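Have a look at the structure below before the remarks.
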Amino acid sequence: MNLIAAAIIGIAIIVILIAVCKVHPFLSLLAGSFAMAVCAGVEYDKAFDSFTSGVGSTISNVGLLIAFGSIIGTILFKSGGADTIVDTIMDKTPLQRLPWAMALIAFIVGIPMFFEVGVVILIPVVLFAARTPAVAFPTPVAPPAPRRAKTPVILLGIPALAGLSTLHAFVPPHPGPLTAIGALNANLGITLALGLLVAIPTVIISGPLFGKLAAKWVPISAPENKAEAEAPKSAENRPSFASAITVIMLPVVLMLAASVVDLTGQSETVWGRVLAFLGTPLVALLLTTIFAMVVLGYLQKFTRDAVNGMVGQSFGSVAGIILIVAAGGGFKQTLVDSGIGDVIASSITESAMNPLIGVPLVAVLIRLATGSATVATVTASGIMVPLATGMSPTHLALLVLAIGAGSVFFSHLNDAGFWLVKEYFGMTVGQTLKTWSLMETVLSVVGLGGVMLLSLVL
């Protein structure tokens, strides 16, 4: 019971520091880990040993992948490749299908990009598209003059946000799933394949379908200034659609190919070994990074200095993410070494609760308290390490996805994403709760439902 109390104290300190004192999550996780270790009986001069060990192992497993993912996303953005994908899909989409197009664009563009980067890229597109006359929609909105017959921005915004958030929760190489995969020793390829199976229906339900309902509750138009100022850029000197989409899909294809080799028992053949090597996350993302530098950089007439500048810029945007994830790994290792993880996992086991329900509940509580999906993921996955011992690769992957589902539950006032969405769309707090927050909740519940259905089949 002392160990449980130590875990509660550690998590409480993290929550208070992040939610109340507004301390950076890295420092909060550091302080919480120290307090938890001391309360668990670890001598104070050795309280940081497990934390530093966990930080090192996490950076070696996940940090490089996050860095490569950021490079790919930055080059895709800076070269205009992301704009090419967006414009190509929108040009071929009728007005009445724009919500579905937005979900598709977000789902494609968001694969190699972090949530915040995707928001920065896509929201201007949403605002611009929302200024198109909406007479083709079944339920046109009539806001005050002179902005009559404009498309409700929520009708297009919710599908885009749902696509990005779903990937953030369920699909590597996003930091949350990658961290859980590393902590639980899950198979990345299997997790990626099952994550895509869960993600597609989740995006449909929480995006275009829920967006119709949310647009009726909050029938607002796009802010004039942002829609005007942030319209899509000129299409000159952009890479082709084929080049941009190849960069996005290359790591996905390589990782899935490696999983197929593993599942079919071909890993000992020559081609099987080659594909297994190429599908290793580090190798797949490294090859994609080089490919993006060549195809979207040098072949687009960018100089060597310009390409190197893109690479350098990408690191600044993920330094904080890497440190938070690493600190989460340190917290996880402290849980494991102190024996607290074993106690919590045993409690869930003895309660006869399905781990696929118990684990996301832990993530939900941390998410509601801290507002951070990443902190919720790394903390929940660390607690569940003992429970994962002996699980099959398939069920380990489902456990990762269940944690992801819990980590995005009901974003509210303590979540930076909440305020980002509110300000971009010019909504009140109440309107943001009725749209963005409820969308996240629907996404979480539907995603967990998908995981449970897969557990019955696999």
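Counting neighbouring beta carbons within 10 Å and listing from fewest to most, the residues Arg273, Arg238, Arg367 come out as Arg273, Arg238, Arg367. Only one residue of Ala186, Ala199, Leu287 has its Cα farthest out toward the positive end of the dipole of the chain, where Lys and Arg carry +1 and Asp and Glu -1 on Cβ, and that residue is Ala199. Our estimate of slack between Ile200 and Asp49, defined as 0.36 nm per intervening residue step minus the Cα-Cα distance, is 50.2 nm. Close amide-amide hydrogen proximity is noted between Ala222 and Val153, each under 5 Å apart and 5 or more residues distant or on a separate chain (H modeled in the peptide plane; Pro and chain starts excluded).
For region 160-172, backbone phi angles converted through the Karplus equation (6.51, -1.76, 1.60; θ = phi - 60°) give residue-by-residue couplings of 5, 5, 5, x, 5, 5, 4, 4, 4, 8, 10, 10, x Hz, Gly and Pro being listed as x. In the chain, the longest principal axis of the Cα atoms and the axis of helix 25-39 are about 20 degrees apart. Dividing the summed helix terms, -39500 (n - 2.57) for each DSSP H run of n ≥ 4, by the number of residues in the chain produces a 222 nm estimate of -22500 deg cm²/dmol to the nearest 500. When the charge dipole of region 2-457 is built from unit charges on Cβ atoms (+1 for Lys and Arg, -1 for Asp and Glu) and taken about the Cα centre, the candidate among Met439, Val311, Ala326 whose Cα reaches farthest toward its positive end is Met439.
Axis of helix 438-457 versus longest Cα principal axis of the chain: the two differ by about 60°, to the nearest ten degrees. The angle separating the long axis of helix 64-78 from the principal Cα axis of greatest extent in the chain is about 10 degrees.
In this Cβ point-charge picture (+1 for Lys and Arg, -1 for Asp and Glu), the chain has a dipole of about 1300 debye about its Cα centre. Exposure proxy shown here: for Tyr298, Tyr44, Tyr424, the number of other Cβ atoms within 10 Å sets the order, fewest to most, as Tyr44, Tyr298, Tyr424. Placing unit charges on the Cβ atoms of the charged side chains and taking the dipole of region 2-457 about its Cα centre, the candidate lying farthest along the positive direction among Thr84, Val343, Leu299 is Thr84. With neighbour counts taken as other beta-carbon atoms within 10 Å, the residues Trp436, Trp217 rank, fewest first, as Trp217, Trp436.
With 27 Å as the limit on Cα-Cα distance, the pairs of Lys78/Lys212; Lys22/Lys78; Lys78/Lys216; Lys78/Lys332; Lys22/Lys434; Lys22/Lys212 that go past it are Lys78/Lys212; Lys22/Lys78; Lys78/Lys216; Lys78/Lys332; Lys22/Lys212. If one computes P(r) from the Cα atoms of region 1-77, what percent of pairs lie at distances over 15 Å? Result: 65 percent of Cα pairs exceed 15 Å. Going through (i) 25.6, 93; (ii) 22.1, 69; (iii) 23.5, 83, the figure that equals Rg and Dmax of the Cα atoms in Å as computed for the structure here is (ii).
We did not get these values from a lab; they are worked out from the coordinates using the rules stated. From a predicted model like this one, the values you see are computed outputs, not experimental measurements. Virtual Cβ from ideal backbone geometry, glycine too; neighbours counted across all protein chains shown.
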